[in-house]
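The values are calculated or read from the model by the stated rules, or taken from the named source; none is laboratory data. In this text the structure is predicted, and so the values were computed from the model without any measurement. Glycine also receives a Cβ, built like all others from the backbone with ideal geometry; neighbour counts cover every protein chain displayed.
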Amino acid sequence: MPLRGKQLMGGVTAACGLGFLLFGYDQGVMGGVIGSATFVKQFNDPNALTQGLITGLYDLGCLIGSIAAFFFSEPIGRKKSICTGSFVVCLGTILQVTAFSVGHLIAGRIVTGIGIGINTSIIPTWQSEVCSARHRGQLVTIEAALIICGLAISNWVCFVPFLVESPRWLANHKSLAEAAKTIAQLKDVPEDDPEVTSIIREIEMALEEESSASAWYTIFTNGGEQNFRRMMLGVGGLYMQQMCGINSIGYYLPVILQQYIGLSNTLSLILASVAATQFFIISLTPIWFIERAGRRNCMIWGAIAQAIIMALLCVGFAIGTKTALAMMVAMFFLFDDAFAVSFLNVPWMYAPEINSLKMRTKGGAAAAASNWLFNGIVVTVTPMGLANLRWRYYLIFVVLNLSFIPLIYFCYPETKGVTLEQMDHIFIGKGTGLSALTQGVKESIYVKRHYQQEIENIDEESGIEEEGRKDAQQMHIEMATA
């Protein structure tokens, strides 16, 4: 008997979460390995440049995988794409564990990265498309939290056959009937249920409105649907995630603690493990507030906090006394916390939310490519940056975090609570000049404020079903874009 309702949604979330768990493990594992005596002996004590290449070229593989997903994932579907990525990860893992030379190890890192790049392009889209607007942020937050869990533990999962394909992909490539069947299974209701009918009607309308946007290159054009801008908003979100400086810490914390703060190898590993554990615990907290706070607020306040913490980290590093270095260690922990409640989860959910149905996998793949491109840059240059610039290296991230604040405030619409199909209406009209960059921001804030107020009023009076919520929401979207 196939899974239905909460059990089916739990299965999808578990599969997505474990895929991101592996992603997190692969991100963090080299930080502990590079400083170990066994690694140093086996690979002839690699210098800072070699360490950066071993660690950073993994991200080149992820970039390649993301670009590949841009082209092949839409025709074969979400499930088959993830299975393909998982198979490639297995091949890369075998190459890594059998490596006895730097070249062999780098080859394994690149192949593993290709598989991870494919999975990180598709997993957020799959999760976003099968869950409701009300719980989308929470479920993607769980996935993002498992990235941090993966810094400390390793696991693998076979993406089991009784989970469902995305109903949005089925509607686009198969039929609305198959999509309705899947939605009914996800909601655990009959196929003729009003909620299923309402969702199918929205998907059908979205497909009709996007009928002229079928070619892959359409995403590089704006027109009335602002495809290119929407893609770049997703790309920008993951650019900010990586350039905030998180992986200058996450990949190298044990090395930094040992080489620049003077702690022993054992104590460095213990502190890095404690930091990873705290990081994971804090990363779970947005589950309880992400759907109330919204995406924009989380990113803006996160950027402010990260800039302040990075500035204090610079101060501690520059002074260099025992007390100052202790403060520097504390700032590493606090930076993880600030990142965990803001840029860890929001950029991963933003790209699937912001792109149209026909452009969603391409937009998600482009965003994931951005993640891996800038991840690779940061990870590759960090050993050399610290060796040559020392505390000044972290000033770069202070400036970058400050630059994110006006970018988010003026250019990023709020996606909280809006269904994937209704998102198209926020981008109606291409705009000219500056308005081409800010179109939809005021409209989305208006929708968020008034929709939330309406729902609270109706909930207090008599309660409201999901279809009623969507009707109220649609009304405010139409009012905002009129």
Subject >> Filtered residue count, region 378-412, keeping only those that are more than 22 Å from ALA305 (Cβ to Cβ) and without any contact (Cβ under 8 Å) to a residue 60 or more places away in the chain >> reply: 2
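Conditions tested, residue by residue: (1) touching a Phe, Trp or Tyr at 6+ places or on another chain (Cβ under 7 Å); (2) surrounded by 17 or more Cβ atoms within 10 Å (Cβ to Cβ); (3) without any contact (Cβ under 8 Å) to a residue 40 or more places away in the chain.
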{"position": "ARG230", "(1), (2), (3)": "yes, yes, no"}
{"position": "GLY236", "(1), (2), (3)": "no, yes, no"}
{"position": "LEU253", "(1), (2), (3)": "yes, yes, no"}
{"position": "GLY262", "(1), (2), (3)": "no, no, no"}
{"position": "LEU267", "(1), (2), (3)": "no, no, yes"}
{"position": "ALA275", "(1), (2), (3)": "yes, yes, no"}
{"position": "ARG292", "(1), (2), (3)": "no, no, yes"}
{"position": "ARG296", "(1), (2), (3)": "yes, yes, no"}
Original post:
PRO406 passes all but one of (1) under 22 Å from GLN226 (Cβ atoms); (2) of a type outside the set (Ser, Thr, Tyr); (3) buried (at least 19 other Cβ atoms within 10 Å of the Cβ); which number fails?
Top reply: (3)
Subject >> Test result for GLU191, surrounded by fewer than 16 Cβ atoms within 10 Å (Cβ to Cβ), in a helix (DSSP H, G or I) and out of contact with any strand residue (DSSP E or B) (no Cβ under 9 Å at 6 or more places or on another chain) >> reply: no
**OP:** Go through region 314-331 residue by residue and tally those that are touching a Leu at 6+ places or on another chain (Cβ under 9 Å) and either crowded, with 22+ Cβ neighbours inside 10 Å or without any contact (Cβ under 8 Å) to a residue 40 or more places away in the chain (or both).
**Re:** 7
**OP:** Only residues that are surrounded by fewer than 18 Cβ atoms within 10 Å (Cβ to Cβ) and either among the hydrophobic types (A, V, I, L, M, F, W, C) or modelled with pLDDT of 75 or more (or both): list them for region 15-42, please.
**Re:** VAL33, ALA37, PHE39, VAL40, LYS41, GLN42
**OP:** Give the residues of region 43-67 that are at pLDDT 80 or above and within 21 Å of the chain's Cα centre (by Cα), sorted by residue number.
**Re:** LEU57, TYR58, ASP59, LEU60, GLY61, CYS62, LEU63, ILE64, GLY65, SER66, ILE67
Subject >> Members of region 75-117 that are under 30 Å from ARG360 (Cβ atoms) and among the β-branched types (Val, Ile, Thr) >> reply: ILE76, ILE82, THR84, VAL88, VAL89, THR93, ILE110, VAL111, THR112, ILE114, ILE116
